[in-house]
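In what follows, a structure is listed as structure tokens, so that the remarks can point back to it.
The values are calculated or read from the model by the stated rules, or taken from the named source; none is laboratory data. Just so you know, these numbers come straight off a predicted model, no measurement behind them. Every residue, glycine among them, receives a Cβ derived from its backbone with ideal geometry; neighbour counts consider all protein chains shown. What goes into the accessible areas is simple: the full protein's heavy atoms, side chains included, and nothing from ligands, DNA or RNA. Shrake-Rupley method; radii C 1.70, N 1.55, O 1.52, S 1.80 Å.
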Amino acid sequence: GHFVKNLGSAGDKETETEVLLLEHDVPHQPFSQCVLSFLPKMPWSITEQDMKYREDLRHLCVCSVDPPGCTDIDDALHCREVGNGNIEVGVHIADVSHFIRPGNALDEESAKRGTTVYLCEKRIDMVPELLSSNLCSLRSNVDRLAFSCIWEMNHKAEILKTRFTKSIINSKASLTYAEAQMRIDSATMNDDITTSLRGLNKLAKILKKRRIDNGALTLSSPEVRFHMDSETHDPIDLQTKELKETNSMVEEFMLLANVSVAQKIYDEFPEFALLRKHPAPPPSNYDILVKAAKSKAKIKTDSAKALAESLDKAESPTFPYLNTLLRILTTRCMMQAVYFCSGMDNDFHHYGLASPIYTHFTSPIRRYADIIVHRLLAVAIGADSTYPELTDKHKLAEMCKNLNYRHKMAQYAQRASVAFHTQLFFKSKGVLNEDAYILFVRKNAVVVLIPKYGLEGTVFFEEKGKPAPRLDYNGEVPSLTVEDTTLYVFDKVKVNIMLDASNIQHQKIRMVLVEPKV
């Protein structure tokens, strides 16, 4: 090999972040002058020309709901009663494709990056900040260009009409999930925004129930957030993400918009729609889940619906955490969802969402797939012109390949970032003793999950320089017997957690079984 460059000292936060980005092939150099030259000149304002194919929806009571501190606001919603007793609901998405024109350097750079990568304290943008946090971000009380999907629904949340239009909106409020929840629950607030949120929430509950009745899966993954020290930027404590009803409210309408748009672009362009599918896992993928669960619950895996229903029934009064563990295990059995071009494939089904067709439309600031979908939709409704690459299915298939790769790498990089911050957190803690549950048993180890930190780790039973204990692995049960103690999946155990820094290049979290004592 050749020595290429010195990255800095091991263990240093900046350096480790750089390493992590390089290891996962995440393009993260600053945007070049050439790319930046295609950004709109400031001060920017909406012109007559921009209004040509747009509806003015600034009068609508639109608001956005996002995590705290979110600056790249992709989506906003509105909901109002219309004259005939029905409800009009709108999903308004940042009109990124208005600013990023096909084939220029800005477009090529965004296509190459494919996605924004969110690390614990750093965001690697897919598009330059002027767009991601300002001109495309649907902030409140400013005029913004949007792509709107508007439905007329009845009170049973059945869609009566769907229309798509490029628009101009002026969001009346950018709320956090908690603020939106507080308004919905408030006994005294009855302003337009609150009324609109309540309407959306009511419909979302119906939509969610219908999806779940159709066999959509709700799987839990223990996502962890760090509270950072404002001075040192070191993680002080970890909190497992709690989901509010409003998270789910926004999600329902995003899913609905994605399905509506998928159907529309596929109807218009059956050969070159960019869609997203989630293949059903081969039955053998479920072996580990079914075996592990058999002593505790009967898990059926013949269809997504059967699986969803058997997971819902798998409750144990003496073991409340069982259901979460089963859902985490189920997540591990799944296939990756992927982008594909409709003309190059014949299986479109999205297993996890139980939808016959799906795409990504709602996050064009942070996903390039959505930009292509916006371009297709704009051509379909006559709001923008097409270009040769957009209708070349081989080009689109190539693009899907890159997008799938970038998405996978972004996911791995995000996990590595959480792992690194978790190490920093434990570095200052010495040895901690925590409750854990066994997720998997291996030939010479068990994999455990520590709910308090959403942390997973492996407890090995063979140590260098120590006599190896007698191990008996039974893959059928599955179980592992260490000397005279037998360990099964889902057993509750106690472990000691500490940082092992003996190899400075590869510090790792070490876990040792304390109870049961072996």
Quick check: is even one residue across segment 54-68 open to solvent by 20 Å² or more (accessible area, probe 1.4 Å) and free of Cβ contacts under 8 Å to residues at least 12 places away in the same chain?
yes
Condition met for LYS401 (surrounded by fewer than 20 Cβ atoms within 10 Å (Cβ to Cβ) and within 27 Å of VAL512 (Cα to Cα))
no
Would you mind telling me which numbered condition in (1) under 30 Å from PRO40 (Cα atoms); (2) buried (at least 20 other Cβ atoms within 10 Å of the Cβ); (3) modelled with pLDDT of 95 or more LEU119 fails?
(3)
Would you call GLY430 in contact (Cβ under 8 Å) with a residue 40 or more places away in the chain and crowded, with 17+ Cβ neighbours inside 10 Å?
no
Yes or no: segment 422-432 includes at least one residue that is part of a strand (DSSP E or B) and of a type outside the set (Phe, Trp, Tyr).
yes
Which residues, taken from segment 105-125, are of a type in the set (Lys, Arg) and not in a helix (DSSP H, G or I)?
LYS122, ARG123
Considering residues of segment 433-477 that are in a strand (DSSP E or B) and of a type in the set (Val, Ile, Thr) only, the residue nearest to LYS492 (Cα to Cα):
ILE438
For segment 17-104, give me every one of the strands (runs of 3 or more DSSP E) that falls completely inside it and has 1 or more residues that are within 30 Å of LYS408 (Cβ to Cβ).
63-66, 75-81, 87-94
Name the pairs: first residue in segment 437-465 and of a type in the set (Val, Ile, Thr), second residue in a loop (DSSP other than H, G, I, E, B), Cβ to Cβ under 8 Å, at least 6 apart or on different chains?
ILE438/VAL489; ILE438/PHE490; ILE438/ASP491; VAL441/PRO478; VAL441/VAL489; THR458/ARG442
Does ALA413 meet the test of being out of contact with any Lys or Arg (no Cβ under 8 Å at 6 or more places or on another chain), surrounded by fewer than 20 Cβ atoms within 10 Å (Cβ to Cβ) and either not assigned by the TED database to the domain that holds PRO467 or not hydroxyl-bearing (Ser, Thr, Tyr) (or both)?
no
So in segment 166-191, with the set limited to residues that are charged (D, E, K, R) and under 21 Å from ILE150 (Cα atoms), which one is surrounded by the fewest Cβ atoms within 10 Å (Cβ to Cβ)?
LYS172
Does VAL379 count as of a type in the set (A, V, I, L, M) and either in a helix (DSSP H, G or I) or in the same structural domain as ASN323 (by the TED database) (or both)?
yes
So which of SER303, SER316, SER342 is assigned by the TED database to the domain that holds GLU271, over 20 Å from the mean Cα position of the chain (by Cα) and small (Gly, Ala, Ser)?
SER342
Answer residue from segment 279-320, given it is outside any helix (DSSP H, G or I) and open to solvent by less than 20 Å² (accessible area, probe 1.4 Å) and is modelled with the highest pLDDT among those:
PRO281
With respect to SER174, is the statement that it is touching a residue at least 60 places away in the same chain (Cβ under 8 Å), part of a loop (DSSP other than H, G, I, E, B) and within 30 Å of SER45 (Cα to Cα) true?
no
Is it true that some residue in segment 194-202 is surrounded by fewer than 19 Cβ atoms within 10 Å (Cβ to Cβ) and either of a type in the set (Asp, Glu) or not in a helix (DSSP H, G or I) (or both)?
no
All-but-one check, GLU129 against (1) open to solvent by less than 50 Å² (accessible area, probe 1.4 Å); (2) free of Cβ contacts under 8 Å to residues at least 40 places away in the same chain; (3) among the acidic types (Asp, Glu), failing number (1)
Condition set open to solvent by less than 90 Å² (accessible area, probe 1.4 Å) and of a type in the set (D, E, K, R), scope segment 1-44, selection nearest to VAL96 (Cα to Cα): answer is ASP25
Test LEU449 against the stated conditions and say whether it is buried (at least 17 other Cβ atoms within 10 Å of the Cβ) and within 30 Å of GLU23 (Cα to Cα).
yes
Take the residues in segment 471-511 that are under 31 Å from the mean Cα position of the chain (by Cα) and open to solvent by 70 Å² or more (accessible area, probe 1.4 Å), then tell me which one is nearest to VAL431 (Cα to Cα).
ARG510
